[in-house]
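Quick notes on the structure that follows.
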Amino acid sequence: MSQFITLNTIIGNGKSYKVPIYQRDYSWDKDDWEDLWNDIEEIPNDKTHYLGYLVLQPIKDGEESFWIIDGQQRLTTLSILALAVTALFRKWSNESINSIENNIRFEKITERYLGNFSTSKLAISPKIILNRNNDDYYQSWLLKLRQPATLSRLKPSQRLLQKAFNYFFNELEEKFKNNKSGADLADFLEKVVGNGIVFTQIIVNNDLDAFKVFETLNARGVKLSTADLLKNYLFKLTHQLGELDLDEAERRWQNISNTIQSNDLTTFIRHYWNSKFKLERQPTLFKAIKREIGTAEKAFQFLNDLEEVSVFYTGFNNPNDELWDKEEKLSLKLLTLLNVSTCYSLMLSSLKNLPRVEFKIILKEISFITFRYNLSDLNPNEAERVFSKVANDISDKNIINARDAILSLKSIYVIDDNFEQVFSTISINTRRKKDLAKYILVKIENQISAKDYQPEEAVATIEHILPENPGSSWEEYFAVEVQEDYIYRLGNYSLLEGNINNKLGNNMSFSEKLEKYRSSSYKLSNEYCNYEKFTPKEITLRQDKMAKFAKAIWKSAYLQPKSNS
């Protein structure tokens, strides 16, 4: 069920909210508080401020108590804003500014927005209960309007909670410094904030419904973390064994998160899942995990496995990591240049289940297979399906060596004839994929000159024989309307020392350039540019030669190429 709802409605009628104890800590900072405060200041002009989706799940049927599936940062911050209002009432009362009226307002605002007082009025039964790392501080310090002696000894999230309170209190003091009216302060909270802040409230009945909502919101451009929902489910299972087990699960999850860092956590989980189980796309991943992992013991095993492979997964994007030997680094550098991850499931499964020497063979073959496949612009979903199937077979011990794994990839290996045809017509824009273009050129140079230049170490620059911005002298052979069709063709590229390249200009004719090329140590320039003139025909002939070298360079040692005949 979905509906628009104001903050006053959310906190009214005895409703209460809990942040699941295993959800992430409070993380909003000054930028977020300032944005919210500035938006609130505009409400008198705009009438309302929309604060997004609030996803809730009933804790028990028939009660007005809800788990906050998404929206805890916003609700917590608004609660802190209400606390700052009560603190200002308390301060004015202590300064003998309408003490009786402001004390009454203090109590009314507290009970409406924050929770009910105990009989002694020394404690509050709060409307919102935070997660296990934040709730003690929220209840023992913030709700009681106590200030810690120092912030330095607090946990990071607790410091943020206290700083949020301090920020809003200071803003309120500044706003009402010339108008210390309790009635106006109460109206600000109740009428401006309470009636002006608007959410879309969504009530879900279970975790799977929550996941479907998350997917829908993601499709609409609302950034929500699928990984958070997966984490919550695993923690619910481990919590069944007790607090100590939940603590251990949380430590392992944090270790995984710390290791993965800039990589997407949900994508990592999906790649690992696909290394062991039938391929799942992100929309079906949560349902698959729930179907397979239904006990605390299985949840812990899953966390163990994720933690074990997370270091290697992160290393896939860092070919220079000390995890890898020289040969592995070369293969990973190629995959990084191609910016592909469809093969990660097979790489993870090979690392976990096969000897390292077998993994090394598979990795090299994967890089060549993927190079041919990607340059041929074939369907990445099909490649991922095949990689996952082979990964599953390795995990299930149906494949126990590199040779059989590679032979099982035959369906996505682009045979020589097809690859040569693709390569002979390919264009690579050096403005977007300069490193990939240079890698290809250096590898071809090594093949024709029996050198061993490393692409990232080679001092060569990429020379566009037909310049990127050709002068009028080139129009004789390349009409203006066709120049763009040839500028980024591989046949138009060469390698050239920087000091030579610097002497070339866009208005230089090909014959003038050729004199400079002949002084280069790179055969791509001093031999493979030796034409009387340079036209579309020469680019095509040159790239045809490159294609023949390419099929010999990026060639599987196991998948023998066959013609289509």
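The values are calculated or read from the model by the stated rules, or taken from the named source; none is laboratory data. Because the structure is predicted, anything quoted here is derived from the model rather than measured. Virtual Cβ from ideal backbone geometry, glycine too; neighbours counted across all protein chains shown.
When the range 425-457 is filtered for residues that are outside any helix (DSSP H, G or I) and either in the same structural domain as Ala391 (by TED's automatic domain parsing) or under 29 Å from Lys389 (Cβ atoms) (or both), only Ile426 remains. Determine whether Ser349 is modelled with pLDDT of 95 or more, among the polar types (S, T, N, Q) and not in a loop (DSSP other than H, G, I, E, B). The answer is yes for Ser349.
Of the residues in the range 491-513, at least one is at pLDDT 90 or above, more than 45 Å from the chain's Cα centre (by Cα) and charged (D, E, K, R). Put simply, of Ser79, Ser65, Ser118, Ser96 the only residue that is surrounded by fewer than 21 Cβ atoms within 10 Å (Cβ to Cβ) and within 23 Å of Glu171 (Cα to Cα) is Ser96.
Of the helices (runs of 4 or more DSSP H) lying entirely inside the range 469-529, the ones with 1 or more residues being exposed (fewer than 12 other Cβ atoms within 10 Å of the Cβ) and touching a strand residue (DSSP E or B) at 6+ places or on another chain (Cβ under 7 Å) are found at 498-501. The one condition from (1) assigned to a helix (DSSP H, G or I); (2) at pLDDT 75 or above; (3) within 18 Å of the chain's Cα centre (by Cα) that Asn263 does not meet is (1).
Going through (1) without any contact (Cβ under 8 Å) to a residue 40 or more places away in the chain; (2) of a type outside the set (A, V, I, L, M); (3) touching an Asp or Glu at 6+ places or on another chain (Cβ under 9 Å) one by one, Ser157 falls short only on (1). For the range 533-555, indicate whether the set of residues that are closer than 20 Å to Tyr439 by Cβ and either more than 43 Å from the chain's Cα centre (by Cα) or not in a helix (DSSP H, G or I) (or both) is non-empty. Yes, the range 533-555 contains a residue that is closer than 20 Å to Tyr439 by Cβ and either more than 43 Å from the chain's Cα centre (by Cα) or not in a helix (DSSP H, G or I) (or both).
When the criteria are applied in full, Lys223 fails the requirement of being at pLDDT 90 or above, surrounded by fewer than 14 Cβ atoms within 10 Å (Cβ to Cβ) and of a type in the set (Lys, Arg). Name the single residue that is modelled with the highest pLDDT among those in the range 10-51 being under 14 Å from Gly71 (Cβ atoms) and among the β-branched types (Val, Ile, Thr). Only one residue tops the list, namely Ile10. Within the range 139-154, the set of residues being in contact (Cβ under 8 Å) with a residue 24 or more places away in the chain and closer than 13 Å to Tyr26 by Cβ comprises Leu142 only.
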